[in-house]
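Here's the structure we're looking at; comments come further down.
The values are calculated or read from the model by the stated rules, or taken from the named source; none is laboratory data. What you see is a predicted model; the values in this text were computed from it and never measured. Glycine gets a Cβ as well: all are built from the backbone with ideal geometry, and neighbour counts include every protein chain shown.
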Amino acid sequence: MTDIVTLKALCDELKIDPREARERLRAAVGDAKANPELAKARKPRTPWQWVKGSKGFEEAKKALSQ
């Protein structure tokens, strides 16, 4: 079974406000050259979630920690 990480859990880990996190993620998805896996995995109107350890998850953590 895959381990799914939600935006709420990631925000708790990084101690960041979920609203600000969504704004940062939207901006990161807009830059597909810098974050190809994050942009590829994003589907509109779906919750932000990733498989733990995936490239998309790592790109999301990187985008939120900047």
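Would you confirm, using the coordinates I've provided, whether ARG22 is assigned to a helix (DSSP H, G or I) and among the charged types (D, E, K, R)? Let's see the steps before the verdict.
Details: assigned to a helix (DSSP H, G or I): yes; among the charged types (D, E, K, R): yes.
Against the criterion (assigned to a helix (DSSP H, G or I) and among the charged types (D, E, K, R)), ARG22 qualifies.
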For this session: Could you grab the pairs with beta carbons closer than 7 Å, sequence gap of 6+ or different chains, first residue in the range 33-47 and under 14 Å from ALA63 (Cα atoms), second one among the hydrophobic types (A, V, I, L, M, F, W, C) and assigned to a loop (DSSP other than H, G, I, E, B)?
Result: ALA39/ALA32
For this session: Return the pairs, sorted by first residue and then second, in which the second residue is assigned to a loop (DSSP other than H, G, I, E, B) and aliphatic (A, V, I, L, M), the first residue lies in the range 1-27 and is in contact (Cβ under 8 Å) with a residue 40 or more places away in the chain and surrounded by 14 or more Cβ atoms within 10 Å (Cβ to Cβ), the beta carbons are less than 9 Å apart, and the residues are 6+ apart or on different chains.
Result: LEU10/ILE16; ARG24/ILE16
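Just to be sure before I move on: is ALA28 in contact with a helix residue (DSSP H, G or I) (Cβ under 8 Å, 6 or more places away or on another chain), at pLDDT below 95 and either small (Gly, Ala, Ser) or over 14 Å from VAL5 (Cα atoms) (or both) in the structure I sent? Show your work before the answer.
Values: in contact with a helix residue (DSSP H, G or I) (Cβ under 8 Å, 6 or more places away or on another chain): yes; at pLDDT below 95: no; either small (Gly, Ala, Ser) or over 14 Å from VAL5 (Cα atoms) (or both): yes.
Spelling it out, it is not the case that ALA28 is in contact with a helix residue (DSSP H, G or I) (Cβ under 8 Å, 6 or more places away or on another chain), at pLDDT below 95 and either small (Gly, Ala, Ser) or over 14 Å from VAL5 (Cα atoms) (or both).
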Exercise. Restricting the range 51-64 to residues that are in contact with a Phe, Trp or Tyr (Cβ under 7 Å, 6 or more places away or on another chain) and within 10 Å of LEU10 (Cα to Cα), which is surrounded by the most Cβ atoms within 10 Å (Cβ to Cβ)?
Worked result: ALA60
